[in-house]
């Protein structure tokens, strides 16, 4: 994996720039930093998207009927959090479009769980336009116990690293 380097108009290196599709090779692997999903994250998410099912909004109901035993995190929030972790570390200024993905939830995530994303590059190729390529990764969302809670395989359109 090549180290992305981008400089501003004064020649200073800009830190945190994402990967270009031609920075990686099939088989490259990496992981993100982690994030703990909090009660506040769940409350804000379900309010923002209107996912007001009692399983996410009523703690007493959760105590009485949940087989999980604690406040569950919506699977879509786990996915969105994973994408946020990847956005911070791999796509700043290089990502162009999220094209598709198959998403599978394997285990519940609950309030207080900490997740990170482990990625393997499974496709990296040019498109018919020289300034962009396609990048597909196989992503595992892993909790603090080492359990895979969600998997997905996004195909993204990503900028090409300009020639030096």
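Coordinate-derived values only; no laboratory data. Keep in mind that what you see is a predicted model, and the values were worked out from it rather than measured. Note: ideal-geometry Cβ built from the backbone for every residue, glycine included; neighbour counts use all protein chains shown.
Between residue 36 and residue 52, the modelled label-to-label distance comes to 3.0 nm, taking each label 7 Å out from Cα in the direction of the beta carbon. In this entry, the range 73-164 is assigned a mean projected area of 6.4 nm², taken as a quarter of its C-alpha convex hull surface. Using only the alpha-carbon atoms, how far is helix 39-49 inclined from the longest principal axis of the chain? Give it as 0 to 90 degrees, nearest 10. So the helix axis and the longest Cα principal axis differ by about 80 degrees. Exposure proxy ranking for 155, 12, based on other Cβ atoms within 10 angstrom of each Cβ and starting from the fewest, stands as 12, 155.
Between helix 75-86 and the chain there is an angle of about 30 degrees, using the helix long axis and the longest principal axis of the Cα atoms. Contact order for the chain, expressed relative to its length and based on alpha carbon pairs under 8 Å spaced 6+ residues apart, stands at 28 percent. As a rough footprinting exposure proxy, the listed residues 142, 65, 122 were ranked by other beta carbons within 10 Å of their own, and the order from fewest upward is 65, 122, 142. Across the range 10-164, the volume of the C-alpha convex hull divided among the residues equals 134 Å³ per residue. Spin-label pair residue 144-residue 114: with each label point 7 Å from Cα along the Cα-Cβ axis, the two points sit 0.6 nm from one another. Place a point 7 Å from the Cα of residue 103 along the Cα-to-Cβ direction; which residues of the range 127-141 have their backbone N under 14 Å from it? Answer for this model: 139-141. For the chain, adding -39500 (n - 2.57) for each run of n ≥ 4 DSSP H residues and dividing by the number of residues yields -5500 deg cm²/dmol at 222 nm. Just checking the listed ones, 19, 135, 99: in the Gaussian network model of the chain with Cα springs under 10 Å, the one fluctuating most is 99.
In terms of other Cβ atoms within 10 Å, 61, 45 run from fewest to most in the order 61, 45.
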